[in-house]
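Chemist: Okay, handing you the structure first.
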């Protein structure tokens, strides 16, 4: 197999196996080439992945000689993707009666979900994340998109227990916007004690739901690795949660003119410092 | 940029943009290379993608000179992935009280979801699919996984209307297992008239839910492109649906011994002919 052919297959292989410890010997056998040849191939891939903001190829020297590919977006690419998502949010016809925002098209397209996943995952590149948690139904695509980049499992919290979930952990929480006591529950076996859990959701209003999930993580004897939402909505009052990250922020919804004021979220504010 | 570097970036670009009509001129500008050089690059990629069962690179000649990458799994790879999923299904501790099967781990891991997505998408490689439809909550990861391969949007049907979905289309349907009249609803604007819709779900018992979604597709003035489930469960009686495809089939659940009998689904039966 020629170098040009190896590079195509190698690139595909790495992209399909993020965060896995791969042995140099595996590629030596796969391509029937020497270790030094494969090392040169990997050097080319590493450079292009870095330049283009695709990801980081880490190599571990020694007899075993392993490598790991981590998808990694640059802050510049992340900001550009957020700008594209912001444009989508400004499209007409998105404001529904009652001032709700229609998001299902964005949350139902692989292109936009991939962008959201990459932006949120980028925020946790330096953080240990063992699992992702979200709440049904519209958080699911966000959790799946983030999970794909981080290559960790995700679990879905529900308002009501289901017979298909096995033993469940249940918490009550105070909805931030309506000040009502609500209930949420998640399958116990979806998490192991001590795991670091990243909480994600599509939309944050008062933040009560996110706060409930934080309580749930604690009841599971896990730790919160972070809290991220796609859109942070307008809210007057004090939120019960402060340490969240948002991709976009909606400051104002003008019901009469059917327009919204959308800014990049606090993920990008932090990056300015 | 050297050929070796171009090939790494080109491979990544194609994998990230399936089913899109790409112009040769775009790559000429991206790599500051001649059309003939880019054509040679594409020829190398095409050959490796074909040999390794990654996908098909179609090129369109002429002044415009376009190309499209379609992920395409071989039947052999598809069957192998289904075998791996079957092994997961046979793991201990999967049978819940009442004979329900715990699937949330499989439906919550990017690796397994990618396999399910590729197997189902492979079944519709020769079929026009404009959109994917599923029902909340556990169908969502399946729909998203299939959508990613086909690069089409997906929409989520719910049991109850939501204020965040805009105008909705609603149908009543007969649950196959409990013979109760139930209700399902989906956002009207998620589909355009005449679209071909692929219906997917995680688990089929009686098939009533899938049949309800077929009715919903008709009410949307769309056409059913196909119906696929991850797991077809045991069912005694006549199902209201016959033209479905399944990745796996559970023939028997032994509550006493906590074991199940799992076979490859009818997607693979068809392939034998």
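Chemist: Suppose you put the label 7 Å out from Cα in the Cβ direction; list, shortest first and in nm with one decimal, how far residue B:235 is from each other copy's label.
Modeler: 4.3
Chemist: When N counts the residues of the protein assembly as shown, how does its alpha-carbon radius of gyration compare numerically with 2.2 N^0.38 Å, as a ratio?
Modeler: In units of the globular-protein estimate, the protein assembly as shown measures up at 0.98.
Chemist: In what order do B:45, B:152 fall by count of nearby beta-carbon atoms within 10 Å, going from fewest to most?
Modeler: B:152, B:45
Chemist: Order these by the 10 Å Cβ neighbour count, fewest first: A:109, B:258.
Modeler: B:258, A:109
Chemist: Placing a label point 7 Å from Cα toward Cβ, how far apart in nm is residue A:74 from its equivalents in the other copies, listed shortest first to one decimal?
Modeler: 3.8
Chemist: Could you grab the relative contact order for chain A? Cα pairs under 8 Å, six or more apart, rounded to a whole percent.
Modeler: 14
Chemist: For helix B:75-89, what angle does its Cα long axis make with the longest principal axis of chain B, in degrees from 0 to 90 and rounded to 10?
Modeler: 40
Chemist: Taking the convex hull of the Cα atoms, report for the stretch B:3-71 its projected area averaged over all directions, in nm².
Modeler: 4.1
Chemist: Between copies, how close do the residue A:35 label points come, placed 7 Å along Cα→Cβ, listed in nm from shortest?
Modeler: Taking the point 7 Å beyond Cα along Cα→Cβ, the inter-copy spacings are 4.8 nm.
Chemist: Modelling each spin label as a point 7 Å along the Cα-to-Cβ direction, I'd like the residue A:36/residue B:251 distance in nm, to one decimal.
Modeler: 5.7
Chemist: Using all C-alpha to C-alpha distances in the stretch A:1-117, build P(r) with 5 Å bins and read off the rounded percent in each one.
Modeler: Result returned by the calculation: 2, 10, 17, 17, 13, 9, 9, 8, 6, 4, 3, 2, 1, 0.
Chemist: Now for a separate question. Among the DSSP beta bridges whose two residues both lie in chain B, what percent are antiparallel, rounded to the nearest 5?
Modeler: Antiparallel bridges: around 55 percent, rounded to the nearest 5.
Chemist: Also, I was wondering about something else. Mind checking A:151-164 for the average number of partner chain beta-carbons within 10 Å of each residue's beta-carbon?
Modeler: Partner-chain Cβ atoms within 10 Å, mean over residues of A:151-164: 4.
Chemist: Short version: what are the Cα gyration tensor semi-axes of the stretch B:108-160, square root of 5 times each eigenvalue, largest first, in whole Å?
Modeler: For the stretch B:108-160, the ellipsoid semi-axes come out as 18, 15, 7 Å.
Chemist: Here's something else I'd like to know. Just to confirm my numbers, what's the Cα centroid distance between the stretch B:1-76 and the stretch A:89-151 in Å?
Modeler: 29
Chemist: Oh, and also: Within a 10 angstrom radius of the beta carbon, how do B:126, A:123 rank from fewest other beta carbons to most?
Modeler: Placing the least packed residue first, the sequence is B:126, A:123.
Chemist: Further question: For residue A:192 paired with residue A:2, estimate the spin-label separation in nm (one decimal), with each label point 7 Å from Cα along the Cα-to-Cβ line.
Modeler: 4.6
Chemist: Is it possible to state the helix-based mean residue ellipticity at 222 nm for chain A, with each DSSP H run of 4+ residues giving -39500 (n - 2.57), the sum divided by total residues, to the nearest 500 deg cm²/dmol? What is it?
Modeler: -11000 deg cm²/dmol
Chemist: Quick one: plug the Kirkwood hydrodynamic radius of the stretch B:75-271 (C-alpha pairs) into Stokes-Einstein at 37 °C, 0.692 mPa s, and report D in µm²/s.
Modeler: 193
Chemist: Between residue A:63 and residue B:47, take the C-beta separation as r, use R0 = 30 Å, and let me know the FRET efficiency to the nearest 0.05.
Modeler: E(calc), rounded to 0.05, equals 0.30.
Chemist: Now for a different question. Note the angle between two axes, namely the Cα long axis of helix A:140-150 and the longest principal axis of the Cα atoms of chain A, as a number of degrees from 0 to 90, rounded to the nearest 10.
Modeler: Here the helix axis deviates by roughly 30 degrees.
Chemist: What angle do you read, to the nearest 10 degrees and between 0 and 90, between the alpha-carbon axis of helix A:208-219 and the longest principal axis of chain A?
Modeler: 60
Chemist: OK, next. When the Kirkwood hydrodynamic radius is evaluated over all pairs of different C-alpha atoms of the stretch A:51-114, what value in angstrom, to one decimal, is obtained?
Modeler: One over the average 1/r among Cα pairs gives 15.0 Å for the stretch A:51-114.
Chemist: Same structure, new question: Comparing A:240, A:97, A:18, which has the greatest mean-square fluctuation in the GNM of chain A with Cα pairs linked when under 10 Å apart?
Modeler: A:97
No lab work stands behind these numbers, since they all come straight from the coordinates. This is a predicted model, so every value here is computed, not measured. Neighbour counts run over all protein chains shown; Cβ positions are idealised from the backbone, glycine included.
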